[in-house]
Amino acid sequence: MGLKGPPSLLSAAVFSLLGDDERFQVDAAGIWSLDVAGGGPPPGDAATPLSRLSFAVVDVETTGGAWRRGDRVTEVAVVPVTDGAIEDGLGTLVNPGRRIPPKIQGLTGITDAMVAGAPPFEGVAPRIEEALADRVFVAHNVQFDWGFVRTELLHSTGAAPEPPLLCTVRLGRFLLPSLRRYNLDALTSHFGIRVHARHRAYGDALATARLLLHLLEEAESQGIFDLPALEEALKRRSGPRRRRPASG
């Protein structure tokens with residue numbers, strides 16, 4: 001792209017331009033390429049069954065919805081899923097270094113007083129990096145969570161991993177086309193998953209991990225058994241969704 005400057009700043013700039021576009025993927029060496037399926041190759045053998053992959057299911061709570069405009073993480077959780085089993089994860093409040101808007105405090109229950117004594121993201125960055133290593137990064141609306149985590153890691157350490165990304169919203173839309181809504185409440189309700197501590201990072205990450213296992217089972221029931229096949233199926237489905245006919 002002809003950009004020059006410090007590598008960490010260039011990496012953030014390129015991600016800012018391309019990170020929200022699922023047609024682009026970046027490999028572990030930081031090389032970008034065009035791929036409408038989104039995400040990179042899975043860690044390990046490309047033919048590893050979905051049920052045997054290692055996932056890091058992530059949720060963040062933030063001061064707002066725009067990491068590009070300076071919003072920061074107030075809470076982060078990572079729940080590992082290995083060989084089809086949910087493992088103990090990590091969850092921590094984070095001091096964002098700025099005030100949390102009253103509307104966000106009302107939604108999440110996370111107040112300025114609660115994060116005042118919490119570590120800044122730099123203090124938890126090593127644990128986050130370790131929790132993400134060699135795993136597929138999964139979130140409900142993955143570009144939101146990954147955008148914040150990646151930006152915070154770049155600010156904290158000057159570098160960030162480039163894992164494959166998997167979005168449970170996108171999976172739900174593909175695998176369950178008859179549903180009317182695909183937010184976390186709708187999909188967990190569909191599968192009978194109880195959500196503990198809604199709008200808190202660990203509660204939402206744990207619910208998303210349970211949702212992921214159901215969606216992977218659904219994918220296998222539809223004849224999709226590994227990540228490359230799933231990405232190819234998502235690529236074929238990509239494109240504008242048909243509008244539902246108006247009732248009346």
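Out of the residues in the stretch 154-176 that are over 20 Å from L212 (Cα atoms) and touching a residue at least 40 places away in the same chain (Cβ under 8 Å), which is surrounded by the most Cβ atoms within 10 Å (Cβ to Cβ)?
Only one residue fits best here, namely A160.
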Among the helices (runs of 4 or more DSSP H) contained in the stretch 39-153, which hold 2 or more residues that are under 25 Å from Y182 (Cα atoms) and free of Cβ contacts under 8 Å to residues at least 60 places away in the same chain? 102-108
Report, by residue number, each residue of the stretch 177-216 that is exposed (fewer than 15 other Cβ atoms within 10 Å of the Cβ) and part of a helix (DSSP H, G or I). D185, A186, S189
All positions within the stretch 50-77 that are over 27 Å from E231 (Cα atoms) and basic (K, R): R68, R69, R72
Checked R170, R237, R243, R198 against criteria (at pLDDT 95 or above and not aromatic (F, W, Y)); the one match is R170
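The values are calculated or read from the model by the stated rules, or taken from the named source; none is laboratory data. Predicted, not measured: the structure shown is a model, and the values here were computed from it. All Cβ positions, even for glycine, are placed from backbone atoms using ideal geometry, and neighbour counts span all protein chains on display.
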